[in-house]
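These notes are about the structure you will find just below.
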Amino acid sequence: MARKKVALDFEQSLAELQQLVERLESGELSLEDSLTCFEQGIGLTRDCQAALSQAEQKVQILLERDGKLQEAPFEVDPEA
């Protein structure tokens with residue numbers, strides 16, 4: 001359940017970030033509102049980057065064998 005929550009949090013943060021970018025790009029916000037959106041976007045970007053870094057660390061741990069990192073090709077699951 002925790003994995004799904006992290007994935008949902010990441011997806012939700014990414015969707016919110018996209019909405020903020022669209023609002024900023026519209027040019028219809030005041031300077032104050034633009035700064036508020038920008039500040040929220042920075043926070044969401046940091047959250048997304050942290051989630052991606054955590055996922056990368058988990059992948060490295062899963063691929064590690066006998067103390068050495070084993071590189072493996074990334075295969076996309078067509079049903080995912």
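Pick from segment 38-51 the residues that are free of Cβ contacts under 8 Å to residues at least 12 places away in the same chain and open to solvent by 90 Å² or more (accessible area, probe 1.4 Å): which of them is nearest to R23 (Cα to Cα)?
First, pick out the residues of segment 38-51 that are free of Cβ contacts under 8 Å to residues at least 12 places away in the same chain: 39, 42-43, 46, 49-50.
Applying the additional criterion that residues be open to solvent by 90 Å² or more (accessible area, probe 1.4 Å) yields 39, 46, 49.
Values: E39: 13, R46: 19, Q49: 21 Å.
Across segment 38-51, the extreme among qualifying residues is E39.
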For E71: the one exception among (1) open to solvent by less than 100 Å² (accessible area, probe 1.4 Å); (2) at pLDDT below 90; (3) not in a helix (DSSP H, G or I): (1)
Among the residues listed as L8, L35, L62, the single one being open to solvent by 100 Å² or more (accessible area, probe 1.4 Å), assigned to a helix (DSSP H, G or I) and modelled with pLDDT of 95 or more: L35
Segment 12-32, residues that are loosely packed, with under 15 Cβ neighbours inside 10 Å, of a type outside the set (D, E) and over 18 Å from C48 (Cβ atoms): S26, G27, S30, L31
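The values are calculated or read from the model by the stated rules, or taken from the named source; none is laboratory data. Given the structure is predicted, the values throughout are model-derived calculations rather than measurements. Virtual Cβ from ideal backbone geometry, glycine too; neighbours counted across all protein chains shown. In case anyone asks, the SASA skips ligands and DNA or RNA and just uses the protein heavy atoms, side chains included. Shrake-Rupley method; radii C 1.70, N 1.55, O 1.52, S 1.80 Å.
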